[in-house]
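Below is one structure, written out as structure tokens, with a few remarks after it.
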Amino acid sequence: MEAQAQAESQAHHPQRVIPIVARPEPADGAQRPAQARKGRGAVSNLIGRFETLRSVAEDDGWYREDGEPPPLHTEVREERARSLITRNTSPDVGFDRSINPYRGCEHGCVYCYARPNHAYVGLSPGLDFESRLFAKVNAPQLLARELCSPKYVPAPMAVGVVTDAYQPIERQLRLTRGCLEVLERSRHPAQLITKSSLIERDLDLLQPMAARAQVLVNVSLTTLDHGLARKMEPRCASPTRRLETIRRLSQAGVPVGVSVSPVIPFINEPEIEHILAAAYEAGARWAFHVVIRLPWEVEHLFRQWLETHFPQRTERVWARIAEMRAGAGEGKINDARFGSRMTGEGVWADLIHQRFAKACERLGYASEYPTLSVDGFAPPRPASAQGELF
């Protein structure tokens, strides 16, 4: 898997903590029921699957008088990666290469399939994933170097497909913008996906790329319910703000689509048609969806989240997810097989796909992404006082 490969190749790199934030180490609430924290998605710091030692938390009296846990601040660790472009051969995604300037994601989406990545570096896929982040500070330089390889053949580059490239720390660190500058200067096609309105900052780069048919953007919109969004993806832009981002990108001439992912039965699944209608009205012209995936620790984190926020609905949601993953084997809640991991199987999965397809057809969504052009690609060349002979 892409996230696993990145973690394994970078886990031993020297790191230093960027002194812009501080964070007290959260205790895993083994002796205390899982409890939602304001502004955070996961409700615990679940132990990673590779840990051999397990800790038990004790209440030391530092909780507030109202019973709320203390605020959990974000820590950003700087790392120097050895490579940036990750390759994949998965038939389930529409690209064969991607870049991710960050590991971990402050957006805190409880369902994020990338959470297990943090277990490879000795951290929890729970609260650690959204509060102990890694920034690849040499990402733009690495990208330029790898594009200059004589063996490199251009094809659309996916940006931010593991963790959001426009999460809040990008506002300060600007690593995604640096990578986008390299791609724009090289006339290299790119496709981006985000839940953040921060992408509007980079319209000065996206517009010339769009004029050359070398960029498209997918905005992820999982719900129109602001209350649900705060529980499910607490530090993302609000649904209304994401619709405005779709509108501004479209008005600027940047091709934009919508991702209604993940689809969670009885949580955001009833909104499918409404989300598609709102996104189309805002300017999205294609759409796709993925049914919820719960690999490794995400299964337990999502179950905790359901029991905390939707206790009366938990068993109903869980049974329906299991039904869509029945092909993985009895008692399985996740299916990692190519061809079914993104879509699910069975009557309920088929019903979701039919509803989605019919809504898209009725609204006028295109059936495919726009084709991106590789014409004019020119590897970025390092500055030289001697100039270029050819």
Mind checking the dipole of segment 154-277: about its Cα centre, +1 per Lys or Arg Cβ, -1 per Asp or Glu Cβ, Debye to the nearest 20?
-> 360 debye
For segment 110-256: rounded, prolate or oblate by the Cα gyration tensor [a/c cutoff 1.5] = oblate
Net lengthening on full extension, GLN141/ARG97 (0.36 nm per residue, minus Cα-Cα) | 14.1 nm
Which FRET efficiency value, to the nearest 0.05, is calculated for PHE266 and LEU351 with the Förster distance at 22 angstrom and r the Cβ-Cβ distance?
-> 0.95
Hey, got the dipole for segment 66-134? About the Cα centre, +1 on K and R Cβ, -1 on D and E Cβ, debye to the nearest 20?
-> 500 debye
Each residue of segment 370-380 in turn: what ³J(HN,Hα) in whole Hz from Karplus with 6.51, -1.76, 1.60 and θ = phi - 60°, glycine and Pro shown as x?
-> x, 7, 9, 9, 9, 5, x, 4, 9, x, x
Inter-probe distance in nm under a simple model that places probes 7 Å from Cα toward Cβ, at LEU363 and ARG49 | 3.5 nm
Can you work out ³J(HN,Hα) from phi for every residue in segment 198-210, in order, using Karplus 6.51 cos²θ - 1.76 cosθ + 1.60 and θ = phi - 60°, giving whole Hz and x for Gly and Pro?
-> 4, 4, 4, 4, 9, 4, 5, 8, 5, 4, x, 5, 5
Near the amide H of ILE193, under 5 Å away, which other amide H atoms are found, from residues 5 or more places off or on another chain, if H is placed in the peptide plane?
-> VAL159, ASN218
Decide, for segment 275-338, between rounded, prolate and oblate: order the square roots of the alpha carbon gyration tensor eigenvalues as a ≥ b ≥ c, take rounded if a/c falls under 1.5, and otherwise choose prolate if a/b is larger than b/c, else oblate.
-> oblate
Residue-wise, which Karplus ³J(HN,Hα) couplings in Hz belong to segment 89-99, taking 6.51 cos²θ - 1.76 cosθ + 1.60, θ = phi - 60°, and x for glycine or proline?
-> 10, 5, x, 8, 10, x, 8, 10, 8, 7, 10
Accessible surface of segment 230-371 [probe 1.4 Å, protein heavy atoms]: carbon and sulfur percent | 51 percent
For segment 234-284 versus segment 353-377, the gap between their alpha-carbon centres in whole angstrom | 14 Å
Would you mind classifying segment 204-312 by shape? Square roots of the alpha carbon gyration tensor eigenvalues, ordered a ≥ b ≥ c; an a/c under 1.5 is rounded, otherwise it is prolate if a/b is larger than b/c and oblate if not.
-> prolate
Segment 136-222: relative contact order as a whole-number percent, Cα under 8 Å and 6+ apart | 31 percent
Stretched fully, the stretch from PHE288 through LYS38 gains (0.36 nm per residue minus C-alpha distance, one decimal, in nm) 87.0 nm
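The values are calculated or read from the model by the stated rules, or taken from the named source; none is laboratory data. The model shown is predicted, which means the values in this text are computed figures rather than measured ones. Cβ coordinates were reconstructed from backbone atoms using ideal geometry, including for glycine residues, and neighbour counts include every protein chain displayed. Each accessible area value is taken on the protein alone, full model and side chains, heavy atoms only, with ligands, DNA and RNA left out. Shrake-Rupley method; radii C 1.70, N 1.55, O 1.52, S 1.80 Å.
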